[in-house]
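Accompanying notes for the structure given below.
The values are calculated or read from the model by the stated rules, or taken from the named source; none is laboratory data. In this text the structure is predicted, and so the values were computed from the model without any measurement. Ideal geometry is used to build each Cβ from the backbone, glycine not excepted, and the neighbour counts take in all protein chains shown.
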Amino acid sequence: MTATKTLAIAILVGVWGGACGSDAAAPAPPDATSLSLTLNGLRALDPATEGTYEAWTADGSGQFQAVGRFNGGSAVELSLPQAARGARAVWVTVEPPGDADDTPSAQRLLRGVINDARAELSVVGAVTQGASPLREHPGQFTMFSPSDNALNGYPSHEEAGIWLFNMQPRQTEQGDMWVRLTQLEPGWTYEGWMVRDIGQANAIWLSYGKFLPDYTGAVNSRDDTGWGPYSGVIDFRTDGEEEFPGDDWISNPMGYALPNGLSLPLNLRETTSSGTPRWTHVITIEPVWNRGESIGSERPFLIRPYMDSFGEAGPGIPRTITLHAENVPSGRAELR
Amino acid sequence: MKCLGWRSAIALCIVALACAESPVEPRVAAERDAGQWRTWVLPNGSAIRPPAPPVDASPQAMQDIEEIIRLQSARTAATDSLVRYWDAPPTARWHTTTLDLLEFYWALLPDVRPATPVRSARILALVNTAMYDALVATWDAKYAYMRRAPSAADTRVRALVDAGGVPSYPSEHAAVAAAAAAVLSYAFPFEDTLRFHRLERDAGDARVIGGAAYRSDVDAGYAIGREVAARVIARAKADGSAASVTVTPPTTSWAWRPTPPKWVKDPFDPTAGSWRTWVISSGDALRPVPPPLPGSARFTTDLNELLQIGKTRTTAQADTVRYWATDAPSSRWEVFMDDEIARHRLGPLHAARAMALASTAMADALIACWDAKFYFWLERPISADTALKTAISTPPFPSYPSGHSTQSAAAAEVFAYLFPDRAAYYRQKADEASSSRVLAGIHYRFDIEAGEELGRKIGAAAVERARSDGAR
């Protein structure tokens, strides 16, 4: 078993155990005066555009008590207010830019139930609904450009499209065409990306839109920026809707300026001169306040659970969506 | 004594378990006369019997033997892998290849249409009948000539695979491969058809390297397969499916019209009801009674049921809907068939017969269903009430009767005949497939009831044919 897989399972098992049930574990020690947070994956936020982190405690009736704001890092020490002593749970939220109120935002990032003066913090129950962890095997994504096949025949510009559905359903856990994702709390949304040269300073993050699974967990409708200038179908003004999130990066009917000299149709199978695939498929989880981002200004948030090299496989060869738990924030809280 | 009793019991358990788990010989003995079984496109199994194979110790036979010995002495991991891959029932790999292709093209609908429901069923029937007839012709020749397998004829040849306990000439793997490759190339001309023929060559080579067939067995098998395929393709070209017709829906208020979200204007295969059938006389032979129309009590009741389901649909119900909406319904049943062939450890002829029977019944079911769909042209529920919440998109063709219901009922009857121990299970599966369309909100209940009745009649026609096809 790889270290990554072990870590993923450990995190998932840990958070599952910690998140199940109500916040009715052993309360924080009555004499605790500080909250010590050990955090993974909480990079510094831009206060002007991304807001700030804030720690909270919650009592048995779900009443929140603000503990303090911070701007990321792996170790954070905060003074525990008198009113927070005896708390049952610790939460970390992302407060939107300009927020100054004393109630937690809908962007609840981490949650942990206090047990023996400690709480294992995870996105389960904060970002995801109930006790549901992020799905380990959501399904497949597919290189495909459905909207120009009727026009140009098949295959046309298949290397210019990315769509979120199971091209080979029999290889999937659910056995059907629909990707399944964990349902999110109202403050969050999924967003799909194709990223060129991920990890490099000049990486290009090209969003194909935000989307949410339906009440069954199935991803069964177009993404909500699917009608953007160059996203979605070949011409969003005249063509019908697709039933899955994704884009055909074929046409640019409104003449939108593409980033960094990209030109359409894209070749998502593009490789470097040494043969390394340049494009990576990523699904992030974003605060819903980014839902109205203008096309081209989208930026990825720090929750990036699904990340897979696009590779050079042809159309119809399924690419499996892989959970990378190491790209999901987590942590531990200690009350001292 | 008590101890001995326990030991005996444990031993018995072990024996019982071993029996349950150990491979059982396929029913080859019951297939000895398969050369006389009724065929689909050939007049009979002996119609294309090849000339006699080279006699033992003849120069040709010795040349064949030396080739096997040479190939086996030069084995590599790659050739061993090839041998293992084809060490399977002769139809198995081709069936999977066909299903994979249909699964792929199903996802391209409605823009690219080789795998519409009725075309998927047609292709499966063509491939499966071709493989079956090729095997019947092969069995005719095998027992006419009774050639021993190479590994039995010369001790220098190693049997790397089980030759199946049947005479080696002609090679059944080669016959099926040539038949399937040619039919798939016809059905998917825009695919890399060379891939099919590479697979065909691999299938033959693997049997030679494995010591199960002489090269002359493989060549004779190829000849049989190609001849069968030529006849299947000739039938296919004349079955009416190539006609390109643009139809105009009736202008009545209840007539079918494009549905959201894609608003596809051209319905799938409007003339499929006139395509040539396999087990029934024609697509309109069993046409159901007219459906209830808007304004009737039954129509209102069934539409209201869908509106209610749209408000209360559970996750489990939605998952059932999606399961049956993924792939053409015939593909789902073909996968069930693979499971049953393995479960019952059918020999190659019985397996091919079962596949052909089920797929021809399903093809006819959809032809008959499409006849009714485009005879009655009934609107979809989403057109009757735009407030309806469907679980999946409504497919672009008229509502009455349901294709899933017709096809699944027909398939279930054939399965019930072939696998009586599982009859109840498959009839329940057919009910599930049928109900899934109501749960989806894309069919009225009267659509599925009419489809089930039609499908059962077609299934019965297929079973009637099976009862007299000579198989035991």
Next on the checklist: What's the number of the only condition in (1) in contact with an Asp or Glu (Cβ under 9 Å, 6 or more places away or on another chain); (2) more than 16 Å from B:ASP431 (Cβ to Cβ); (3) outside any helix (DSSP H, G or I) that B:PRO395 fails to meet?
Outcome noted: (1)
Next on the checklist: For the condition exposed (fewer than 13 other Cβ atoms within 10 Å of the Cβ), at pLDDT below 80 and part of a helix (DSSP H, G or I), what is the one hit in B:ALA30, B:ALA18?
Outcome noted: B:ALA18
Checklist outcome for this item: A:ASP116 passes all but one of the listed conditions (1) away from chain B (no Cβ under 13 Å); (2) under 15 Å from A:ARG319 (Cα atoms); the exception is number (2)
Next on the checklist: If I ask for residues that are among the hydrophobic types (A, V, I, L, M, F, W, C), more than 12 Å from chain B (Cβ to nearest Cβ) and either touching a Cys at 6+ places or on another chain (Cβ under 9 Å) or over 18 Å from A:PRO245 (Cα atoms) (or both), which ones from the stretch A:130-158 would you list?
Outcome noted: A:ALA131, A:LEU134
Item to check | Long-range neighbours under 6 Å by Cβ, at least six apart or interchain, first residue in contact (Cβ under 8 Å) with a residue 24 or more places away in the chain within the stretch B:144-172, second part of a loop (DSSP other than H, G, I, E, B) and of a type in the set (S, T, N, Q) | outcome: B:ARG147/B:SER168; B:ALA149/B:SER168
Next on the checklist: Among the residues that make up the stretch B:315-335, is at least one of them surrounded by fewer than 18 Cβ atoms within 10 Å (Cβ to Cβ), out of contact with any His (no Cβ under 8 Å at 6 or more places or on another chain) and of a type in the set (Phe, Trp, Tyr)?
Outcome noted: no
Checklist entry - Residues in the stretch B:154-173: is at least one assigned to a helix (DSSP H, G or I), closer than 27 Å to B:LEU71 by Cα and modelled with pLDDT of 95 or more? => result yes
Item to check | Of all residues making up the stretch B:371-392, the number that are more than 14 Å from chain A (Cβ to nearest Cβ) and assigned to a loop (DSSP other than H, G, I, E, B) | outcome: 7
Checklist entry - What number goes with the only condition from (1) within 13 Å of chain A (Cβ to nearest Cβ); (2) buried (at least 16 other Cβ atoms within 10 Å of the Cβ); (3) on the phi > 0 side of the Ramachandran plot that B:TRP263 does not pass? => result (2)
Checklist entry - Within the stretch B:158-183, which residues are over 14 Å from B:MET131 (Cβ atoms) and hydrophobic (A, V, I, L, M, F, W, C)? => result B:ALA159, B:LEU160, B:VAL161, B:ALA163, B:VAL166
Checklist entry - Among the numbered criteria (1) surrounded by fewer than 23 Cβ atoms within 10 Å (Cβ to Cβ); (2) more than 8 Å from every other protein chain (Cβ to nearest Cβ), which single criterion is violated by A:GLN168? => result (2)
Checklist entry - Among the residues of the stretch B:315-329, is any in a helix (DSSP H, G or I), touching a residue at least 40 places away in the same chain (Cβ under 8 Å), closer than 28 Å to A:ASN166 by Cβ and more than 14 Å from chain A (Cβ to nearest Cβ)? => result no
Item to check | Residue count, the stretch B:208-221 (criterion: crowded, with 24+ Cβ neighbours inside 10 Å, out of contact with any Gly (no Cβ under 6 Å at 6 or more places or on another chain) and closer than 21 Å to B:GLY45 by Cβ) | outcome: 4
Checklist entry - Can you spot a residue in the stretch B:254-267 that is under 30 Å from B:ASN44 (Cβ atoms) and of a type in the set (Phe, Trp, Tyr)? => result no
Next on the checklist: Let me confirm something: among B:ALA361, B:ALA285, B:ALA368, B:ALA356, which residue is farther than 17 Å from B:LEU124 by Cα, at pLDDT 95 or above and more than 14 Å from chain A (Cβ to nearest Cβ)?
Outcome noted: B:ALA285
Checklist entry - Across the stretch A:179-206, what is the number of residues that are farther than 23 Å from A:ALA106 by Cα and either away from chain B (no Cβ under 14 Å) or modelled with pLDDT under 95 (or both)? => result 14
Checklist entry - For the stretch B:87-103, what are the residues that are crowded, with 21+ Cβ neighbours inside 10 Å and over 21 Å from B:VAL208 (Cβ atoms)? => result B:HIS95, B:THR98, B:LEU99, B:LEU101, B:LEU102, B:GLU103
Next on the checklist: Can you find a residue that is assigned to a loop (DSSP other than H, G, I, E, B), among the aliphatic types (A, V, I, L, M) and closer than 19 Å to B:ARG437 by Cβ anywhere in the stretch B:291-301?
Outcome noted: no
Item to check | Selection status of B:ILE341, more than 12 Å from chain A (Cβ to nearest Cβ), outside any helix (DSSP H, G or I) and under 21 Å from the mean Cα position of the chain (by Cα) | outcome: no
Checklist entry - Does B:SER274 count as more than 15 Å from B:ALA433 (Cβ to Cβ) and surrounded by fewer than 15 Cβ atoms within 10 Å (Cβ to Cβ)? => result no
